[in-house]
1. Quick check on this structure: which one of Gly91, Gly73, Gly65, Gly14 is at positive phi and modelled with pLDDT of 85 or more?
2. Pairs please, first residue from segment 45-62 and outside the structural domain of Met78 (by TED's automatic domain parsing), second anywhere and at pLDDT 85 or above and basic (Lys, Arg), Cβ atoms under 7 Å, 6+ apart in sequence or on different chains.
3. Return the pair list, or none, for Cβ contacts closer than 7 Å from residues in segment 20-43 that are free of Cβ contacts under 8 Å to residues at least 24 places away in the same chain to residues that are surrounded by 10 or more Cβ atoms within 10 Å (Cβ to Cβ) and of a type outside the set (D, E, K, R), at least 6 apart or on different chains.
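The values are calculated or read from the model by the stated rules, or taken from the named source; none is laboratory data. Note that the coordinates shown come from a computational prediction; the quantities given were computed from them, not determined experimentally. With ideal geometry, Cβ positions are generated from the backbone for all residues, glycine too; neighbour counts draw on all protein chains shown.
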Amino acid sequence: MEDGSQRGWFEHEGVKILISSMTVLLLMLPFVNTMNEMLTSIVLITGLLVPVQKYLMTPMFNLVGAILQTFFGIETSMTTGSCSSMIAMAGTLA
């Protein structure tokens with residue numbers, strides 16, 4: 001007599017959905033990486049690096065820093081240089 005509780009862990013519907021989702025994500029990874037490289041090349045060739053850094057990267061770094069401080073309590077500070085921006089984190093993760 002076999003009931004539903006005797007099934008293996010891999011036969012549950014949630015596990016099947018999780019494995020299927022991970023498979024699709026892994027299949028998409030090369031295409032996402034190729035698109036990333038293509039967009040980076042376009043930005044570098046067209047000379048849009050400075051506006052992208054000024055209007056996209058800096059606000060994104062500020063947003064990430066605010067999320068880290070608000071939700072995780074990690075003290076952050078933003079430093080900008082001539083070529084890049086960086087978030088410096090202080091403290092330890094508990």
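1. Gly73
2. No pair meets every condition.
3. Val43/Leu49; Val43/Val52
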